[in-house]
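Quick notes on the structure that follows.
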Amino acid sequence: METIAQELGKFVSGITVDNLPPDVIAKAKSCLLYGLSIAMAAHESRQGQIAETAMIESETLPQGGSTTILNGKRTTPGAAAFANGVLFQSRGQSDAYGTMAHFGPAVIPAVLAMAEENDFSGLKILPALVAGYEVAGALAKDHIRLTVERGWRGSPTYDVMAAAAASAKLLGLDADRTANAIGFAACFSFGNVECNIARTMETQFQLGLSARNGLLCTAIAKQQGRAAPTAIEGKAGFLNLFAGTTEFANNITAGLGKEFEILKVTFKRYPTSMIAQSPTYIAARLARQERIQAETIEEIVVELDPFEAEYPGPGRRQNEELADRGAGTAQGVAAALVYGQASRSLLRKRDDARINRLLERMAIKGNDAVLPQCARLSVRTPQRLYLDEMKDGSRNHVFSFADTVDLVRDLQPEMRIGAATLEKIIEIANGLEQAKSIRPLMMLVTGRDN
């Protein structure tokens, strides 16, 4: 009987563009375009600057290698994967799987770094992207909440395996070596949530390290390194450590190639947590449709799925500020009610008297009747009580390729590249299977074509 790592290895090694459904291919292209656009809009990120500087001090190359997106430096693939992974996450707007995981900041930088160094085509990149998202999603779907409840952070815990699977596919490793890459990644996973409580920088650096570690796992496996076959479901393996159970282990591989997890990946309209997306969206909608005067609001109640309302967990939020309640939900809802929108500047603004007034009048509560990624909102004024609700948040945040294009075009003013360059990037992403090399895309992303 094959172990989970072995079944995943067989699945990954067998993925080709020809056996992927059209909607899966389209979603992989959307994830690539969205992730790169978020990274390009994060050029002012302090964490991104730190990550790139740390890498170029020790791993700069005179030529060849891979490119850092922020300043176009040539480095080793591992260094570029780390620096770019940090940039993907540093804006707080990376793609999401549920509300507890972000696979793109590990998968995409790892794939691009390795593809650029080896001058791979888009035809090789597409199945590698899908492999990363599928392996991480298959593992996370029944386990990530259990992982977070135990005090681990979801993304870096699962993202090392995502990056390992993606890079193993990209390099054409056979099923056995791919299984070993995933097995090593199960052993190299990490990440707690103390940084969320302390409001420090580890959150962004974790996913860059996941991308880098994934490449390392694949490099070890390529050289015939052997990982424990039962690294995932074993008595001392990944599931027992990070989820506390193997009860759902059989579900991990049951849907491979039939139910594609990448199709569940969502994008963010606002540069804040995935938990905050639905309540912020309905607050902005309510403010615009009802033309509520923010200064008349007496009380705001936001109801979320209980698990999401308590993130990062009961008893772990003793230092939380008003704006941070509900993983940033409070600031998003307040800004949206005041201004009808929630831009990055408004979400970071802590001295706005109108926003702060609403924060003091807001309660965020858990409600078992509210599904994950959904929200209920009630806003009371002297004249009336306004109510709004999002019942299917996951579907509301799933974007088609055309929707993704609209979203990234809206982000273009925050990028350093011009609108014409962005259109070239969109064109390459849309026709990725025709791209003979990924290097022209990286030149566009870093602005070196100007």
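Cα-Cα over 31 Å: which of LYS141/LYS391; LYS29/LYS258; LYS391/LYS424; LYS141/LYS222; LYS29/LYS73; LYS349/LYS391? Intermediate values should be presented prior to the final figure.
Details: LYS141/LYS391 20 Å; LYS29/LYS258 19 Å; LYS391/LYS424 37 Å; LYS141/LYS222 28 Å; LYS29/LYS73 25 Å; LYS349/LYS391 29 Å.
In this structure, LYS391/LYS424 exceed 31 Å between Cα atoms.
Computed from the C-beta positions of SER58 and MET201, the FRET efficiency with R₀ = 22 Å rounds to 0.70. Each residue of the range 381-388 was assigned a 3J(HN,Hα) from its phi angle through the Karplus expression (A = 6.51, B = -1.76, C = 1.60, θ = phi - 60°), giving 10, x, 7, 6, 10, 9, 10, 8 Hz with x at Gly and Pro.
Three principal axis extents describe the C-alpha atoms of the range 370-450; from largest down they are 59, 26, 16 Å. For PHE190, the residues 5 or more places off, or on other chains, whose built amide H falls under 5 Å of its own are THR157. Here r is the Cβ-Cβ distance between GLU321 and THR381 and R0 is 25 Å; the resulting FRET efficiency, rounded to 0.05, is 0.45.
Residue by residue, the range 398-414 carries 3J(HN,Hα) couplings of 8, 10, 6, 4, 4, 5, 4, 4, 4, 5, 6, 5, 5, 7, 3, x, 8 Hz when phi is fed to the Karplus relation 6.51 cos²θ - 1.76 cosθ + 1.60 (θ = phi - 60°); x denotes Gly or Pro. Within the range 30-119, the proportion of Cα pairs with more than 21 Å between them is 24 percent. Roughly what angle does helix 175-187 make with the longest principal axis of the chain, taking Cα atoms, 0 to 90 degrees, to the nearest 10? Its long axis makes an angle of about 50 degrees. By the count of neighbouring beta-carbon atoms within 10 Å, fewest first, SER58, SER90 end up ordered SER58, SER90.
Which residues does a label at LYS391 reach in the range 260-280, if reach means a backbone N under 18 Å from a point 7 Å past the Cα toward the Cβ? From the range 260-280, the list is 278-279. How much of the DSSP bridge set in the chain is antiparallel, in percent, rounded to the nearest 5? Counting only bridges with both partners in the chain, antiparallel ones make up about 75 percent.
Write down, largest first, the equivalent ellipsoid semi-axes of the range 277-394 in whole Å, where each equals the square root of 5 times an eigenvalue of the alpha-carbon gyration tensor. Before the final figure, lay out each step's value.
Details: eigenvalues 82, 58, 32 Å².
In descending order, the three semi-axes are 20, 17, 13 Å.
Given the choices (i) 1.11; (ii) 0.97; (iii) 1.09, Rg/Rh (Cα atoms, Kirkwood Rh) derived from the coordinates of this structure is entry (ii).
For the peptides 246-255, 37-46, what is the packing order when you average, over each peptide's residues, the other Cβ atoms within 10 Å and list the highest mean first? Could the numbers behind the result be given before it?
Numbers: 246-255: 15.8, 37-46: 22.2.
Descending mean neighbour count gives 37-46, 246-255.
Taking 8 Å as the Cα distance limit and 6 or more residues as the minimum spacing, I'd like the relative contact order of the chain as a percentage. Can you show the working numbers first?
Numbers: 935 pairs, mean separation 93.6, N = 450.
Computed over the chain, the figure is 21 percent.
Each DSSP beta bridge with both residues in the range 277-394 is either parallel or antiparallel, and the antiparallel ones are about 70%.
What order, most packed first, do the peptides 3-13, 23-33 have when packing is the mean number of other Cβ atoms within 10 Å of each residue?
3-13, 23-33
Could you tell me the calculated FRET efficiency between ARG348 and LEU123, based on Cβ-Cβ distance and R0 = 41 angstrom, to the nearest 0.05? Calculated value: 0.50. Quick check: the angle from helix 122-140's long axis to the longest principal axis of the chain, C-alpha only, nearest 10 degrees? It works out to around 60 degrees. For the range 325-350, the residues whose backbone nitrogen is under 15 Å from a point 7 Å from the Cα of ARG361, taken along Cα to Cβ, are 333-340.
Mind ordering 194-204, 145-155 by average Cβ neighbours within 10 Å, highest first?
Values: 194-204: 16.1, 145-155: 20.5.
Ranking the peptides 194-204, 145-155 by packing returns 145-155, 194-204.
For the chain, modelled as a GNM whose springs connect Cα atoms under 10 angstrom apart, the maximal fluctuation among THR99, THR76, THR296 occurs at THR296. For the chain, the longest principal axis of the Cα atoms and the long axis of helix 4-14 meet at an angle of about 80 degrees. The mean of 1/r over all distinct Cα pairs in the range 78-202, once inverted, gives the Kirkwood hydrodynamic radius of 14.7 Å.
The numbers here are math on the coordinates, done by the rules we state, and not lab data. All figures in this text were calculated on a predicted structure; none of them were measured in a lab. Cβ: placed from backbone, ideal geometry, glycine included. Neighbour counts: every protein chain shown.
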